[in-house]
Amino acid sequence: MLKKTLISLLFLLIIIQIQSQTHDFGFAKNNEISISTKEDSLLLYSWAGGMNSMQFAKIDLDFDGIQDLVTFDVHGRRLLPFLNKARNANEINYIYSPEYIKFFPNDIYGVFHLIDFNKDGKKDIFTYKNAGIKVYKNISDSILKFETFTEQVTSIYYENYINLFCTEGDYIIIQDMDDDGDVDILAFWSLGKYIDFHKNQSMEKYGNCEHLDFKLSERCWGYFSESGEGNEITLHDDCNNTKNTKEHRHTGSSMLLFDENGSGLNDLILGDMDYPNLVLLTNGGTQDSAHMVAVDMLFPSYDVPISLYSMPCPIFLDIDNDSVKDLMVSPLDLAYTKSENINSVWWYKNFGTNTHPDFRLQTKSLFQDQMLDFGSGAYPVLFDIDNDGLLDLFVGNYGYFDTAELINGILKCTYIASIAYLKNTGTITNPSFQFITDDLGKFRDSAYTSLIPTFGDINGDGLADMIVGCSDGSLLYMENNTINEELSFATAVIDFQNIDVEEFAAPQLFDINKDSLLDLIIGNRKGKLSYFKNSGTPSQAVFTWISDNFGNVDVRDYDDSYFGYATPCFFKTPENETRLFVGAENGYILYYKDIDDNLNGSFTLIDSMFYVQNNMRFPIREGHRTAISCGFIDNDSFLDIIIGNYAGGLSYYKGIAPPPINIGIKEVTNQNKTEKIHIYPNPAHDNLHIKSETLNIIQIEVVDLFGRKLKSFQLENTFTEIKLSDLKQGMYFLLITTENKHIAIRKIIKMIK
């Protein structure tokens, strides 16, 4: 019984010997540093992280009886919760509240619906998984809680239950279509020509709404079809043309069902991949049989029609608290380079009713215009450019959406990158930033993509010059020629010193070998670092290639992508030790040490970074393609960090006292002395040896930093070898159970060769 109790607590245990240890750094998510525009107005949601492709849903986050707002950005799978503080009709008053993110599942993909399917007063989560739908049931009591209800929604297709098909790029309809009390589903046929109606049989079979038991009821709901070559609609389709389907392909569609004209019948709005418009289909059928009889290709044609690349996604919800549902529209194209990214959150206020709406455009950037949002990609750099003792903020980006064109049926979008400069206008202990320019160096005229800056004096004139990485892997050099107070740079020198890291250069000037000359370390799309030693002089830098696998750093995560998009941030601790943070494609921040006097070896990966909230730790993940900069922004003794992401925004984490290594972990001890257990090599690559001097080892479990059990081995000997080759690089815990039922815990580091 004791053994079972201990095993059930494995992910909560920590050995006494490491209780007094602390992490190297501590961080807490923070929104307090103010950002002002050129016109001196303060941004409300400065550090919310930007918005690209948004979905909107409402739920009571804090159990005050008022529906709050949760938004989901498909570009990076980011949730942005907002507490609703409005108390009057026609009032918009939301407070960005990231502390609620931790209550939601971390595997939300593609679509995010909050729907109370079982009518218990608690909204459940519907999201995409494996060409279908996963559902989380809301089991909240005094705080939000969700548990998996089903990994895969199924439906009877003619005779058998199979996966109810939808793609990650589909925003399907989940609502009660036949007014029997349970939720039904509309989803496109697998090849996209017709819409399938899946009827929920919960009420008929069980007499309640607690089941998701679907049956394909109609193969061609609405009697229309969508072209596989474009977004053209064919009305009065006989629904029999399913044999010759080679030209029909389904790449994603968005749908909204509501009574648009007050007829009492549900009309349909469609958005389509590669197109900027919404199509309204008017229902002229009956309550029992929808039949679309008219098409408006430019909805809402009576106001400002939607024109939003690519695949605008319409959502019907009350945003301004007047009890009338408005229209929210944002792109849903999953491709990172096919969507508008700066004016991409359109709000149409409903001046009509829920059954006969009248939508009027109010803004194209709701919430978004109150954030630091640099389009797609945000690459922050903290650097005191004017030598006033205050760290200024520079931000490169992948680019702002510029134009879109269909070429031979393929959408081609153009993005133009630039570099923003925000001057620190605060004090040494109370920083604040003011927006100075969004085109430092005048790059927009040259139409670059993915500009990532770094700063340092490489010509000995006392002014910090700028080197910029480009998407083609090359570098630009701009000499600082500031004369008075206004920051100014000379015309860019292209292909600087013929340095090329192939794709997506992310440079950093840093004296890595401590010879008082700034070297160049450059991250790239592969997820690795290149090292160019400065073999020149203080007045003329000459960068000499040393390695394309510097420190054996590799931030690729093959569960997420074949690429890494490494963005390095080397820095010095107060003890003058070199450390490294690296942003990555998967959105995490990796931390390395053992760098000094080891430039030809492998740096030690400690872990992915985390933040502390309510005495618990949570992984720092700010979407995809993160980039990081660090510094002592508020002049205390704790390092602060700013993280950018592909949605184009920034997040600020204030440095706090490093927490104990067992933070958030329940301590369990027993009366037995700890056996002498040896683990080697540590760090390890593929194989790890474990030896107990006295007792047999009967079980070993590998647990990650957040308590998830990854591997388990049943043994009965004093020496064993376990394989780690299938684990990602990082820090883990070994939980070792010996025959006297004592559990010892050891920290291990897994490295990649």
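The values are calculated or read from the model by the stated rules, or taken from the named source; none is laboratory data. Note that the coordinates shown come from a computational prediction; the quantities given were computed from them, not determined experimentally. No Cβ is skipped: glycine too gets one built from the backbone with ideal geometry, and neighbour counts run over all protein chains shown. What goes into the accessible areas is simple: the full protein's heavy atoms, side chains included, and nothing from ligands, DNA or RNA. Shrake-Rupley method; radii C 1.70, N 1.55, O 1.52, S 1.80 Å.
Go through the residues of the range 45-61 one by one and say whether even a single one is modelled with pLDDT of 95 or more, among the acidic types (Asp, Glu) and over 30 Å from residue 131 (Cβ atoms). Looking through the range 45-61, at least one residue is modelled with pLDDT of 95 or more, among the acidic types (Asp, Glu) and over 30 Å from residue 131 (Cβ atoms). Go through (1) under 22 Å from residue 406 (Cβ atoms); (2) at pLDDT below 95 and name the single condition residue 376 misses. Failing condition for residue 376: (2). Taking the conditions (1) surrounded by 22 or more Cβ atoms within 10 Å (Cβ to Cβ); (2) over 21 Å from residue 315 (Cα atoms); (3) in contact with a helix residue (DSSP H, G or I) (Cβ under 8 Å, 6 or more places away or on another chain); (4) not hydroxyl-bearing (Ser, Thr, Tyr) in turn, residue 182 satisfies each one other than (2). Of the set (1) in a loop (DSSP other than H, G, I, E, B); (2) closer than 19 Å to residue 550 by Cα; (3) open to solvent by less than 50 Å² (accessible area, probe 1.4 Å), all apply to residue 487 but (2).
In the range 576-587, the residues that are among the hydrophobic types (A, V, I, L, M, F, W, C) reach residues that are assigned to a strand (DSSP E or B) with C-beta atoms within less than 6 angstrom, at least six apart or across chains, in these pairs: 580/570; 580/592; 581/569; 581/589; 581/591; 581/628; 582/568; 582/590. Can you confirm whether the range 135-144 contains a residue that is open to solvent by 20 Å² or more (accessible area, probe 1.4 Å) and touching a residue at least 40 places away in the same chain (Cβ under 8 Å)? Looking for residues that are open to solvent by 20 Å² or more (accessible area, probe 1.4 Å) and touching a residue at least 40 places away in the same chain (Cβ under 8 Å), one finds at least one in the range 135-144, hence yes. Being in a loop (DSSP other than H, G, I, E, B) and aliphatic (A, V, I, L, M) is true of residue 92.
Here residue 565 does not fit the description of being open to solvent by 50 Å² or more (accessible area, probe 1.4 Å), within 16 Å of the chain's Cα centre (by Cα) and of a type in the set (Ser, Thr, Tyr).
Which residue is nearest to residue 410 (Cα to Cα), if the candidates are limited to the range 302-344 and must be part of a strand (DSSP E or B) and in contact with a Cys (Cβ under 8 Å, 6 or more places away or on another chain)? Applying the filter and picking the extreme gives 331.
Residue count for the range 490-524, restricted to those that are open to solvent by less than 20 Å² (accessible area, probe 1.4 Å) and part of a strand (DSSP E or B): 8. Has the range 115-134 got at least one residue that is surrounded by 22 or more Cβ atoms within 10 Å (Cβ to Cβ) and part of a loop (DSSP other than H, G, I, E, B)? So far as the range 115-134 goes, yes, one or more of its residues are surrounded by 22 or more Cβ atoms within 10 Å (Cβ to Cβ) and part of a loop (DSSP other than H, G, I, E, B).
Counting only residues that are touching a residue at least 60 places away in the same chain (Cβ under 8 Å), open to solvent by 20 Å² or more (accessible area, probe 1.4 Å) and farther than 13 Å from residue 633 by Cα, the range 380-393 holds 1 of them. Within the range 349-372, restricting attention to residues that are open to solvent by 20 Å² or more (accessible area, probe 1.4 Å) and part of a strand (DSSP E or B), the residue that is nearest to residue 317 (Cα to Cα) is 349. Does the range 302-314 hold any residues that are crowded, with 21+ Cβ neighbours inside 10 Å and not aromatic (Phe, Trp, Tyr), and which are they? Answer for the range 302-314, where residues must be crowded, with 21+ Cβ neighbours inside 10 Å and not aromatic (Phe, Trp, Tyr): 306, 308, 310, 311, 312, 313, 314.
Residue count for the range 66-85 under the criterion of being open to solvent by 10 Å² or more (accessible area, probe 1.4 Å) and either closer than 30 Å to residue 337 by Cβ or hydrophobic (A, V, I, L, M, F, W, C) (or both): the result is 6.
Looking only at residues of the range 588-601 that are touching a residue at least 60 places away in the same chain (Cβ under 8 Å) and in a strand (DSSP E or B), we find that the one that is surrounded by the fewest Cβ atoms within 10 Å (Cβ to Cβ) is 593.
If I filter the range 686-714 down to residues being of a type in the set (D, E, K, R) and at pLDDT below 80, which single residue comes out as nearest to residue 733 (Cα to Cα)? Among those that are of a type in the set (D, E, K, R) and at pLDDT below 80, it is 704. Only residues that are touching a residue at least 12 places away in the same chain (Cβ under 8 Å) and over 32 Å from the mean Cα position of the chain (by Cα) were counted across the range 496-510, and they come to 2.
Would a scan of the range 660-674 turn up a residue that is open to solvent by 40 Å² or more (accessible area, probe 1.4 Å) and either at pLDDT 75 or above or closer than 30 Å to residue 600 by Cα (or both)? Checking the range 660-674: at least one residue is open to solvent by 40 Å² or more (accessible area, probe 1.4 Å) and either at pLDDT 75 or above or closer than 30 Å to residue 600 by Cα (or both).
When the range 185-195 is filtered for residues that are under 30 Å from residue 264 (Cβ atoms) and either under 31 Å from the mean Cα position of the chain (by Cα) or open to solvent by 10 Å² or more (accessible area, probe 1.4 Å) (or both), the ones remaining, listed by number, are 185, 186, 187, 188, 189, 192, 193, 195.
Of all the criteria given as (1) surrounded by fewer than 16 Cβ atoms within 10 Å (Cβ to Cβ); (2) modelled with pLDDT of 95 or more, the one not satisfied by residue 534 is (1).
Out of 369, 373, 386, 358, I need the residue that is touching a Lys or Arg at 6+ places or on another chain (Cβ under 8 Å) and not hydroxyl-bearing (Ser, Thr, Tyr). Which one? Residue meeting the stated conditions: 386. Selection over the range 269-301 of residues that are surrounded by 18 or more Cβ atoms within 10 Å (Cβ to Cβ) and farther than 28 Å from residue 346 by Cα gives a count of 1.
Here is the figure for the range 163-177: residues that are farther than 14 Å from residue 212 by Cα, open to solvent by 20 Å² or more (accessible area, probe 1.4 Å) and free of Cβ contacts under 8 Å to residues at least 60 places away in the same chain total 1.
Of all residues in the range 260-279, those that are closer than 17 Å to residue 290 by Cα and in a loop (DSSP other than H, G, I, E, B) have Cβ atoms under 8 Å from Cβ atoms of residues that are among the polar types (S, T, N, Q) and open to solvent by less than 30 Å² (accessible area, probe 1.4 Å), 6 or more apart or on another chain, in 263/283; 265/283; 266/283. Could you tell me which residue of the range 611-637 is least open to solvent (accessible area, probe 1.4 Å), considering only residues that are part of a loop (DSSP other than H, G, I, E, B), over 25 Å from residue 507 (Cα atoms) and of a type outside the set (Gly, Ala, Ser)? Checked the range 611-637; the qualifying residue least open to solvent (accessible area, probe 1.4 Å) is 634.
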